[in-house]
Structures are given as structure tokens and as C-alpha cells.
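The block underneath contains the structure these notes are about, expressed in C-alpha cells.
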């Protein structure tokens, strides 16, 4: 008992420290070597002797670090919410077709607009970005509504998962058709968007992004009681005073909004949303989502920072697409969880 | 003590427009353990779900404390009725203490944090259910009986005047079934809470419950104390089935053997009863041996070889064990049949 309490009280400070170290490494490491005291200097707002270093840090590494932090947090929490809601350890934003919905929405805007109105959206600057974000949100929520409808009607988690995967295929094929008839520039933009990246934003927009991902992630703590009860099954939850339909709607809204925001700004980031909840459940043996959400926040941010770091390992000329790194980290985590489950069941 | 806590009036239960049972009326007085009995398909689970408010009724009322269960909000109902369901819940990483703690949900705030009172109630519930030594264990590591105790502790922590359990003893072995039933009996006695449970364990229900609800095949409900129902011969009609007879005196079901032959037995007492049972299995019924029965079995209690066969008033075999003796009896019968046949032929 005592050791569990001790573990609980130590865990969060330790993981926050770990997170800070990762963030610092993200700032300090990169293809250009910047002395550590200069990094500290520049981040603290002092003038630096080297204007290039200052530019690299403030225009590239700092926004990347902030965006990775926010995106990882949001995806970790969204994945946890989905896994609990659907009571399925393999649920996650991308598996359920939510990011496919986003891709479809973005596809429509980026690819179709050029056809219909005859201009490329990427030339619109801030308004173009806004349109992409709105399209991404719209696509994600349309899929969410569909998934929710199906889960209400059919009920089985497996069927919901299959429908999610099917929606993914469907949106891919529609996007394929759109690509075929689109301007080359738009297709290129779309492909780049689809590779996912933490480095698309200026520092101002990175702060905005951090605000609209981190705040809802932390607000998800208010869903923890609902999530705890939902994990017991609908009947027990209802018997313990939970309004199931409202709780389910709120959980899906929260997870969907987080996924949609991240997808809109960074493109579809895979595997973080699925792998982080397992890590969160692994580090503290509890079913209480008050702790699990905290864990998912910290570990999600840490995982994204780690992936971002690996994507631009020192010594490499260019950055890897972030999704290849997340899959590299995420897939082993998910496989190990399945492996462990198999042992537990037999 | 005998204030009625829950009343069902002219209740019609079923799905859609198809009624399974109608005109059900019964009361649950305070502080009583009530067992709901009925063979499969009579609608026990449907009745339980209708009373809990999980499923709409087709007509009639379920009144708890003068309020209709189906008009109360989840929150209000959660303070009146707690449930233990047959749903097999797999909550990853949930410890016993956490599960029991979720029982306090109707009383906790937004984040579900428990105050010292809540924690004391949870501890007491675990102590009362004899599961406190497993408080830190994961639910998935418990035996079926222990898990059932944990869920009963959850229902106790919910602190409702009525606890409803849907077949809490199914899937348990006999000692665990008895233990769970006695636990529920104790809760009803000491806390003044009423308990309604559905079960197939008629023998335990007859011994431990204050009142039985018998759901008949035709869809009607007979209620009363076990003894009154025995007096009214209510069980015969309920489990009408070939090969089963209900013994009103013992309150037990007996397998009805098809008896083909008879044998005369002299004796009484425990050994006699056991022998009768063993012979019944072989299709041999017993008649009382009169003095003129020259072929007979004699049972002499407390002797070294209590079981003997007499042919023409002569003891031909004595046995200590019933198994060996039964073989001799079967031989004897063959012999007698052949003897009869040879008499007839000559």
C-alpha cells in the first residue's frame, strides 16, 4: 500500500522532469550544433552572438518543440478517451477513421477548390490555412458522428472498428479520385500535409496551437469520472448515476476535437494516439482516469518530443517524416501490449 | 421493519410490443432478502432489468419510495438502487479498492474525489464483504467468488436501500455460492437494506431468503415466504418436468428414477436411506419387508457388515460397502428371475 502511494506521488514529478529533459534536448540537438550555453541564452531572451543560431532556435526548434508537446499531449489523451469509450485496447484516433475524415475534408479543400474556383488554396495564406483547419475539423466530426451513430445502432466494438477502417479506405479512394483531377501544386501540398510534421508553424502560431491542444487535454480531466464509470460498462455506469448518452457525446467531442485540431495543424500523426494510452496504463497500475489522463498528457508529449528528436537526429542532413518515426516507436509498444495480453489470458 | 420499500404494480415486461409476462405485482419490504426464481426463459433477467430501470416497461409501475423508477433521473435512482449484474466487466488495471470506490460516484463531485467519509464507507464495505485483504489486487487476478464479493462491496458502498443482483451465484462452485448467499443474508440482517436476487439455487433460496418470487412459465408471479409457498404446493407447478419431483418435506428436488423392479428391505436409519438411494439409481424400488418375505434384504445399523441378502430366510451374503452390495443384489435379482423361469418351465 505504502509503496503504491509513494509510487503515485513520485511518478508525476519524475515524468515531468523527463519531459523537460526531452524538451531541452529538442532545443539543443539538431543538424546545426549550437553550444548549450548559447541555447540557454537565446531561450532566456538574451542577445546571442550568432544571429543564425538565434534564428534556428526561435524560428525552427522552439515552435517545433512546442507543437510536438501540444500534439503529443492531445493525441495521447484522445487515444485514451477512445480506448476507454470503446473498451478496446486497439482503438485510437487514426484507427477509427477520424483522421481519415480529416484527410478527406482537407482533400476536398486543397484539391477540389483548385478545380472548382480555379485557384490554389496554398496561395491564400492565413485564410487558406483556416480553410484547411475548418475542413479538417469538419471531416473529423462527420466521421465521429457516423462512428457514434453506428456504435449506438450496432453496439459491437469490432463492427465499429471495421467501419472505421472502411471509412479510411473510402476516404482514401475519394482522395485518389480528387488527386487525379487536381493541379499538381495542390497534390504536392496535399501529400506534404499527409506526411505529418511538427514544423509547419511560426512561433506565434505554435503558441496558439499549444493553447488549443493543451487546454482541452487538461479539461479532459473533468471527464475522468465519466470515463471511470464508462469503463465498467453502460449498465453499471448508468446505475452509478451517469447520463450515458451525454457522457459519451462529451467524450467523443473532446477526443474528436483534439484529434481534429492536431490533424488540421500537423497532418495525420499516426500511432501516438494508440501507443501512449498503453504506456500511461503501464506506468501506473490504476484504472482511475484522473491519473491516467495526467500520464497520457505527460507521456504523449514526451513521446512526440522523442519522435521529433529522432526525426532529426544529429548528423542527418534532412528531417525524416514524423509518421515514419512514430510508427517505429508505436508499433513495438502495441505489439508488446498484445503479447502481454496473450499471456494474461491463458 | 416491515415498511414496503419497493412496489411493482400490474407490471408488464417485455421487448418492443412483445410482452413476456404481465400483471406482475409484488412488494419488497425493508430489510428482507428476496430470491427471484423461475426456469430459463420465464423473464427473470427482464424483470430484474425492468426494476432497475435499464429497460422500459410495457405497462404498470415500479415504485420506490413512492416514486416511479422510470421517471427518476440516473442520479436520483443511483441513490435508491444499486446493482450487481451478470455482465462480465474487464476493467484494465482496476483494483478492488478502486472498484468499490466507484460505488461512491453518486455522492462525489465533478472529479470523483472521495473525502474521508467516503473512504471510510468504502473500507467498511470491503470489510463487510470479506474482501479487504485483496484491496490492492487487480480485479482480473481474483477468483469468480472474490470478484463477486468485490462487486457486492461496490453495491454496499453505493449505500442504497435496495440492492439488486442478477444471478450472483451463477458460475460459482458450491462453497462460494453458499458464502455469497450468507453474505447477502448478513447484509440484509445487519444493515436493514433489502436485497432482491435472481437465482437458480432453489435449495439455498429456500433456506436463506425471507421471501420468494416465483416467476411462472405462463408469466405470472407468485410471492410469499418459502414455508408458505411449500404449504401451498407452489413449486410443483413451477418446475414441471419429466424426471424431476419436488419433495415438499425436504424442500429439495429429486431426480425421478424409472423403477422397474422391487425388492423387499427390512431396516431403518441412515444406512437404510443410503441403500435406498443407491438402489433407486439402478431402477430398483424398495418395499417394506414383511415377516413372510423369505427373499429380502436386511439392514442392521452400526454392525460390521450392515447389508445382508436373505434367500429363503437364509443369509447368503453380507457386505460392508454399498457398492459391493449393490452388485450382489443385482446378481440375486438375476438369480430370482431365472429361478422363476425354471419353475414355470418345469
Next item on the list: For the stretch B:261-345, calculate the relative contact order in percent as a whole number, restricting contacts to Cα pairs under 8 Å that are 6 or more residues apart.
Entry: 23 percent
Margin query: If every alpha-carbon in the stretch A:206-346 counts as one equal scatterer, what log10 I(q)/I(0) does Debye give at q = 0.10, 0.12, 0.20, 0.21 1/Å?
Written below: -0.41, -0.58, -1.33, -1.38
Margin query: Can you give the Rg/Rh ratio of the stretch B:272-342, where Rg is from the C-alpha atoms and Rh is the Kirkwood radius?
Written below: 0.94
Next item on the list: Could you work out how far apart the two model spin labels at residue B:318 and residue A:184 are, taking each label as a point 7 Å from the Cα in the direction of the beta carbon, and quote it in nm?
Entry: 11.3 nm
Margin query: For peptide A:216-226, what's the mean number of Cβ atoms from other chains within 10 Å of each residue's Cβ?
Written below: 2
Checklist line | Relative contact order %, the stretch B:4-240, counting alpha carbon pairs below 8 Å whose residues are six or more apart | finding: 29 percent
Next item on the list: Run through the DSSP bridge list for the protein assembly as shown and note the antiparallel percent, rounded to the nearest 5.
Entry: 60 percent
Notebook entry, point to check: In whole Å, what three semi-axes, largest first, describe the equivalent ellipsoid of the protein assembly as shown built from its Cα gyration tensor (square root of 5 times each eigenvalue)?
Noted result: 70, 28, 26
Check: How much length is gained if the chain between residue B:300 and residue B:63 is pulled fully straight, taking 0.36 nm per residue apart and subtracting their Cα-Cα distance, in nm to one decimal?
Finding: 79.3 nm
Check: By counting other Cβ atoms within 10 Å of each Cβ, how are B:107, B:15, B:292 ranked from fewest to most?
Finding: B:292, B:15, B:107
Check: Once you have the alpha carbon radius of gyration of the stretch B:1-134, what is it after dividing by 2.2 N^0.38 Å, with N set to its residue count?
Finding: 1.22
Check: Mind checking the angle between helix B:269-281 and chain B's longest principal axis? C-alpha axes, 0 to 90 degrees, to the nearest 10.
Finding: 90 degrees
Check: Relative to the longest principal Cα axis of chain B, at what angle does helix B:144-157 sit, 0 to 90 degrees, rounded to 10?
Finding: 40 degrees
Note to self: Run the helix sum for chain A: -39,500 (n - 2.57) per DSSP H stretch of 4+ residues, divided by residue count, reported at 222 nm to the nearest 500 deg cm²/dmol.
What the structure shows: -24500 deg cm²/dmol
Checklist line | Under the Debye formula (equal points on every Cα, no solvent term), log10 I(q)/I(0) of the stretch A:5-71 at q = 0.12, 0.14, 0.15, 0.24 Å⁻¹ | finding: -0.37, -0.48, -0.53, -1.01
Check: How much FRET efficiency would the formula 1/(1 + (r/R0)^6) give for residue A:170 and residue B:7, where r is the Cβ-Cβ distance and R0 is 45 Å, rounded to 0.05?
Finding: 0.25
Next item on the list: Note the full-extension length gain between residue A:88 and residue A:215 as 0.36 nm times their separation in residues minus their Cα-Cα distance, in nm to one decimal.
Entry: 43.1 nm
Check: For the stretch B:64-109, what Kirkwood radius comes out of the mean inverse Cα-Cα distance, in Å?
Finding: 12.6 Å
Checklist line | Highest average packing first - A:245-257, A:29-41, Cβ atoms within 10 Å | finding: A:245-257, A:29-41
Check: Which whole-number percent is the relative contact order of chain A (Cα, under 8 Å, 6+ apart)?
Finding: 31 percent
Notebook entry, point to check: What is the gain in length, in nm to one decimal, between residue B:259 and residue B:75 on full extension, counting 0.36 nm per residue of separation less the C-alpha to C-alpha distance?
Noted result: 60.3 nm
Next item on the list: Please give the FRET efficiency for residue B:124 paired with residue B:182, using the beta carbon to beta carbon distance and R0 = 25 Å, rounded to the nearest 0.05.
Entry: 0.85
Next item on the list: Provide, for q = 0.06 Å⁻¹, the log10 of I(q)/I(0) from a solvent-free Debye sum over equal Cα point scatterers in chain B.
Entry: -0.35
Margin query: So if I average 1/r over every pair of distinct C-alpha atoms in the stretch A:2-345 and take the inverse, what Kirkwood radius in Å does that give?
Written below: 20.8 Å
Item checked: Residue exposure sequence - B:126, B:114 - by fewest surrounding Cβ within 10 Å -> B:114, B:126
Notebook entry, point to check: Using a basic spin-label model with each label point 7 Å from the Cα along Cα→Cβ, how many nm lie between residue A:47 and residue A:204?
Noted result: 2.4 nm
Check: On a 0 to 90 degree scale, rounded to 10, what angle separates helix B:174-191 from the longest Cα axis of chain B?
Finding: 50 degrees
Notebook entry, point to check: Taking every DSSP beta bridge that has both residues in the stretch B:4-240, what percent is antiparallel when rounded to the nearest 5?
Noted result: 55 percent
Margin query: Highest mean first, how do A:164-171, B:318-325, A:99-106 rank when packing is the count of other Cβ atoms within 10 Å averaged over residues?
Written below: A:99-106, A:164-171, B:318-325
Notebook entry, point to check: By counting other Cβ atoms within 10 Å of each Cβ, how are A:201, B:197, A:73, B:110 ranked from fewest to most?
Noted result: B:110, A:201, B:197, A:73
Notebook entry, point to check: Just counting partner chain Cβ atoms within 10 Å, what average do the residues of peptide B:108-116 show around their Cβ?
Noted result: 3
Next item on the list: Counting helices only, and only those DSSP H runs with n ≥ 4, report the 222 nm mean residue ellipticity of chain B as the sum of -39,500 (n - 2.57) divided by its residues, in deg cm²/dmol to the nearest 500.
Entry: -10500 deg cm²/dmol
Notebook entry, point to check: Computed FRET efficiency, Cβ-Cβ of residue B:233 and residue A:112, R0 51 Å: what is it to the nearest 0.05?
Noted result: 0.05
Next item on the list: Could you work out, residue by residue across B:79-89, how many beta carbons of other chains sit within 10 Å of that residue's beta carbon, and then give the average as an integer?
Entry: 3
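The numbers here are math on the coordinates, done by the rules we state, and not lab data. Since the structure is predicted, the reported quantities are computational estimates derived from the model, not experimental observations. Positions of Cβ are backbone-derived with ideal geometry, glycine not excepted, and every protein chain shown enters the neighbour counts.
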